[in-house]
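These notes are about the structure you will find just below.
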Amino acid sequence: MSNFKLSCLSDDKLNEISSSLDSNSVFGVIGVCGIVGNLVARVLLDNGFKVLGTDRTSKEDCKFKSAFDGYDIDIFYGGHPEEFFKDLDYIVVPPSLPKTAKVFDMICSYGIQVLELGDIFKLFKPDKPVICISGTNGKTTTTTLLKHIAYYAGLKPCEHKLEGMQGNTEFIPSLQSRLNGDVAILETGTLGNAGSIKSIASLSNASYGLLTNITLDHLDDDHGFLDYARVKGELLEVLDANDGSLVLNADDPIISGLLKAMDFKGNVIRFGLDSEISKVDTKPCWCGNEIEIREIISGVGAYDCPNADIRDCGVKYIKPDYLAKDIDIKNRTFTLEAPDGEAEFKLAMDGLHNVYNALGTIVLAHEVLEIPYDVIKEAVATFTGAAGRMEIMGKVDNKTVMVDYAHNPAGVGTTLHEVSKLYDDVAVVITVSSESGHEGDLDILDAALGNVKYIIPSSYASNIASKDLIEASKADDYSGDYSYDELKNIFVFPEEAPDKSAKVGTAGTDAKGVMIGFKTALKTDVDLIICIGEAAFKFDNQLKDFCK
């Protein structure tokens, strides 16, 4: 979005247009089969205007046409006929349309006022609370659960309704916030690109935000890690400018340090867990030191920087405003200690990471949406999780089959650590290709080791990394935790090697590769087979069909 031109018209001209708009105004939208065109058309329809749409795509190939169900819109498929232009007062063109396109000749001949996407953002502001949910892990579950609670309480969140789209980047959240609804609950993602979150949150007019955690992802060194954290911290810049509030995971020292690093002056609400320590690890501090973390799950827990009391640091653990205590993982219960008293909660989701996800959601539901605890409790108890997050596909040969979208070391480690508490023996099928390259693939394997009985490298990248790890264990100077013989027993390689050409981004394999890995896992003596990664999530219907 860095090349995005915010507006082609002056503020005076936009004010003139705004004052002249009424229910008789007719808008034309070019490219309604695309993401931007679809959302822009629906924003205009939700504002009560008559809208005509056009697209060169055929009706059969219009990917998102189901999003128009229930809307009164005429769409011209297969081109831009003269009939489309005749009665238009305004025409909205897609950002990708070059000014040399022939359609501009037709627009000019009819003297229609052209509006660009930036003009739409300026003309139509969100008229509801806007909540941006960001972080490395847990965004989708937190966003989906908060929407679930909102619906349960009788509130209507804005929905982009773009089938097959997660909708957490580019222009989707910003346009989604302008659709009909009582509240905009926006998953706000980034690939670590500076300016991306700031753009989304600014264009969405975010007044509330939540940071789940910040762990190693999309990078390969500590310096890059803090740069990545600053990208997440762009949300704080926007909230500050909008006099907004930030809900944050108090158990993550990187997030706590962001408050000082970004000089955040807005309202802060902290949440965290009182639970057993799983291990001790470190994260880089903003002052240059390493912070020792008494981890509850990967990357979060109680901590103190050695320079905590020095002016240039200030990263020190603070007891959260909302604390989950007396956590019973097997029964999925915990006690919430809050500023206005205590409440008992029961989850329908497994794992400590989902206690974190639920806790952040509860804070937003109570503090921002002003939903009482009794309603939140009922809603939380009925939420079984977002699609692809520790989602059970069924059973085969007395083995439970599960899919999880985890695709970075922290997510993989957390997920596998949690399922290891619930199942005696676990086999993991890895379909991931790390965004951090070969080192990231090795880190994912390291996150799996110790949490599972068998590892089946089903993606090309994980297959190469697994062989390299086993080969490295033969060396005299090898310092890993597992010997060559142990690794040979842990790694189970599919008979058919993964196809390199099947790798697309973080989807490290295709449907065939997922099923080959899964069928390899079926031959092992385990209670649970968990297929992790984007490919496993994308092709989970094949796993479901196999489990029937």
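The values are calculated or read from the model by the stated rules, or taken from the named source; none is laboratory data. Remember, it's a predicted structure, so these values are computed and weren't measured experimentally. Reconstructed Cβ throughout: ideal geometry from the backbone, glycine too, with neighbour counts over all protein chains shown. Surface accessibility is based on the protein's heavy atoms, side chains included, excluding ligands, DNA and RNA. Shrake-Rupley method; radii C 1.70, N 1.55, O 1.52, S 1.80 Å.
How large is log10 of I(q)/I(0) for the chain at q = 0.05, 0.06, 0.12 Å⁻¹ when the intensity is taken from the Debye formula with one equal scatterer per alpha-carbon? Result of the Debye calculation: -0.23, -0.33, -1.20.
The label point for Y71 and the one for A241, both projected 7 Å from the Cα toward the Cβ, are 2.8 nm apart.
With a Förster radius of 22 Å applied to the C-beta separation of Y151 and D46, the computed FRET efficiency comes to 0.75.
The residues H438, H148, sorted by heavy-atom accessible surface at 1.4 Å with ligands and nucleic acids left out, run H438, H148 from largest to smallest.
In this structure, A497 and T335 have a Cβ-Cβ separation that, at R0 = 56 Å, corresponds to a calculated FRET efficiency of about 0.65.
In summary, the aspartates and glutamates within cross-link reach of K316, defined as a Cα separation below 19 angstrom excluding same-chain residues under 8 places away, comprise D251, D252, D263, D274, D281, E290, E292, E295, D304. The lysines whose alpha-carbon is closer than 21 Å to the alpha-carbon of K399, local same-chain residues fewer than 8 away aside, are K330, K421, K453, K512, K519, K523, K544, K548. Each part reduced to its alpha carbon centroid, segment 424-441 and segment 526-548 end up 15 Å apart. By accessible area, using a 1.4 Å probe on protein heavy atoms only, the chain has 45% of its surface on carbon and sulfur. 3J(HN,Hα) along segment 147-155: 4, 4, 5, 4, 4, 4, 8, x, 9 Hz, from the Karplus curve 6.51 cos²θ - 1.76 cosθ + 1.60 with θ = phi - 60°, whole Hz, x for Gly and Pro.
Neighbours of N354, meaning other residues whose beta-carbon lies under 15 angstrom from its beta-carbon, give a summed charge of 0 when Lys and Arg score +1 and Asp and Glu score -1.
With bins 10 Å wide beginning at 0, the percent of Cα pairs of segment 118-208 falling in each bin runs 18, 54, 26, 3. Each Lys or Arg adds one and each Asp or Glu subtracts one; over the other residues with Cβ under 13 Å from the Cβ of G209, this totals -3.
At full extension, N541 and E370 could sit 57.8 nm farther apart than now, given 0.36 nm per residue minus the alpha carbon distance. Applying both filters, DSSP loop and at most 16 other Cβ atoms within 10 Å, to the chymotrypsin sites (Phe, Trp or Tyr not before Pro) of segment 336-384 eliminates every site. Per residue, the chain exposes 43 Å² of accessible surface when a 1.4 Å probe is rolled over the protein heavy atoms with every protein chain present. Taking every DSSP helix (H) stretch of at least 4 residues in the chain, weighting each as -39,500 (n - 2.57) and dividing the sum by the residue count yields a mean residue ellipticity at 222 nm of -10500 deg cm²/dmol. Shape summary of segment 27-113, radius of gyration then Dmax from alpha carbon positions: 12.0, 35 Å. What the phi angles of segment 476-486 give under the Karplus curve with 6.51, -1.76 and 1.60, with θ = phi - 60°, is a coupling list of 5, 9, 5, 10, x, 7, 10, 6, 4, 5, 5 Hz, glycine and proline written as x. Among the protein heavy atoms, those of Y482 account for about 60 Å² of accessible surface (1.4 Å probe, every chain in place).
Taking Cα atoms only, the orientation of helix 438-448 departs from the longest principal axis of the chain by about 60 degrees.
What does the charge add up to near G233, with Lys and Arg as +1, Asp and Glu as -1, over the other residues with Cβ less than 11 Å from its Cβ?
-1
Bridging of K13 to lysines at a Cα separation below 20 Å is possible for K5, K122, K125, once same-chain residues fewer than 8 apart are set aside. Its Cα gyration tensor gives segment 64-217 an equivalent ellipsoid, and the semi-axes of that ellipsoid, as √(5λ) in whole Å with the largest first, are 33, 19, 14. Taking amide hydrogens as placed 1.01 Å from N in the peptide plane, the amide H of V504 sits under 5 Å from those of T509, each at least 5 positions away in sequence or on another chain.
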